[in-house]
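Structure record follows, encoded as C-alpha cells.
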Amino acid sequence: MSSGKGGELIPSSSELDLDRPNIEDYLPSGSSIHEPLGKLRLCDLLDISPTLTEAAGAIVDDSFTRCFKSNPPEPWNWNVYLFPLWCCGVVIRYLILFPVRVIVLTVGWIIFLSCFIPVHLLLKGHDKLQKNMERALVELICSFFVASWTGVINYHGPRPSMRPKQVFVANHTSMIDFIILEQMSSFAVIMQKHPGWVGLLQSTILESVGCIWFNRTEAKDRETVTKKLREHSQGVDNNPLLIFPEGTCVNNQYSVMFKKGAFELGCTICPIAIKYNKIFVDAFWNSRKQSFTMHLLQLMTSWAVVCDVWYLEPQNLRPDETPIEFAERVRDIISVRAGLKKVPWDGYLKYSRPSPKHRER
C-alpha cells in the first residue's frame, strides 16, 4: 500500500483481483454517501435497494465471466538467472519446434488429400468401403494435428464402440477437443458452423463422417438438428454421435449447464471427461477474442499439449428422472472426474444476455 493525495491509500497492482469488478462503478454518485449517518430510517433502506440490486448483479456477472476467462500463468522469468533460460525456450519453441511442426502438418495434409480425394470421387457406389476408408483418413489427419502440437494424450477406459442408440457427451474447452477424440475413434460431432477454412473443412471433409452443423442464431436450425440427431442415433452403421452439451467453450476450470437435447433421445449416454494440463499451454479457445488459426499457432508454438481423456461408465435415464435431471447427473460425473467446478449458468449467455424483462422475472 502507498499513500496518495489527501492521505488516501492506493493499492499496489499485486493486490488487485482481476476477477472482481470495480465496486466504485456500482456505488451511487453524489454527495449523499458522504453525509454523516444519523438515525436509521426505513426510507434510507429503500434508497439503497437499487445499489444492492446492482451489487448482487455484479457478483453474479463476475461468477459467470470467470468461466470464460483465460488466466495467464504467473511470470517466472523475473530475475537475471531465469531470463536467459526463458530466452532459450523462446528460441527452441519458435525457431526449432515450430518449423518442424509445420513440416509435420504439411506432410500430413499432403498424404491425407492425396488419399481422400480419390477415395471420395472413385468409390461412389461402394458406400461401406468408402465410409470405412474415409473414417480412417479423418482419424489419420487428426493424428497429424495432435503430432503438430507434440500432443501427449492419455486415454483412460475402453475405446468407444459403434452401436446404435448411443451418444457420447463431453465437457468443452476448445475445438481441439474434437480432434483429440477423433484421432482415437471416428465420431460424428454436432458443432457450430464456422466461417473461413474451418467451415470449408466442415462442409467437405467432416461431413463424410456424418457430422451435423448448426447456427445457434437460427431458431429453425434447432428443429432440424434435433430431427437429424434422432435419425443418426438410430442408424446401425453410423459413427458414434459426439455432443458437447455445454454449447460453448469453457476454460477447463468450470462446467456450465448442459443442454437437455442429447438426453431426450432415449439413448445410452457415454460421458467423456477431458482435462488439460495448463503447465505447458492453456488449451482454452476464446472464440470472441481469438480466431481458430491464431489458436492453432499458439498451440504449435508451445512446448506440448498434455491432456487426459476418461471414457466413463455409460448412463441411462432412470424411471423417475427428467431429461434435465439426467443431464445434471451426467454433468456431475464429468465434473468430478475432470476436477471441474459446477456453476448454474447457461453457456449461451456468453453470446446473448437476457432481456431486462427476463432478468426482472
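Every number in this text was worked out from the coordinates using simple rules, so none of it is lab data. The model shown is predicted, which means the values in this text are computed figures rather than measured ones. Here the Cβ is made from the backbone with ideal geometry for all residues, glycine too, and neighbour counts use every protein chain on show.
Numbers at a glance
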quantity	calculated
FRET efficiency for Asp127 and Cys88, using Cβ-Cβ distance with R0 set to 56 Å, rounded to 0.05	0.55
Region 154-350: C-alpha gyration tensor shape, a/c 1.5 cut-off, then a/b vs b/c	rounded
Nonlocal amide H pairs with Lys342, under 5 Å, H built at 1.01 Å	Ser255
Gain upon complete extension [Asn77, Ala136; 0.36 nm per residue less C-alpha separation]	16.9 nm
Cα gyration tensor shape for region 236-313, rounded if a/c is under 1.5, else prolate or oblate	prolate
Intensity falloff of region 193-257 expressed as log10 I(q)/I(0), Debye formula with alpha-carbon point scatterers, at q = 0.12, 0.13, 0.14 Å⁻¹	-0.38, -0.45, -0.52
Residues with amide H under 5 Å from that of Cys270, placed H, sequence gap 5 or more	Val167, Phe168, Val169, Gln315
From phi via Karplus (6.51, -1.76, 1.60), per-residue ³J(HN,Hα) for region 186-198 in Hz, x at Gly/Pro	6, 9, 9, 9, 9, 8, 5, 6, 10, x, x, 5, 5
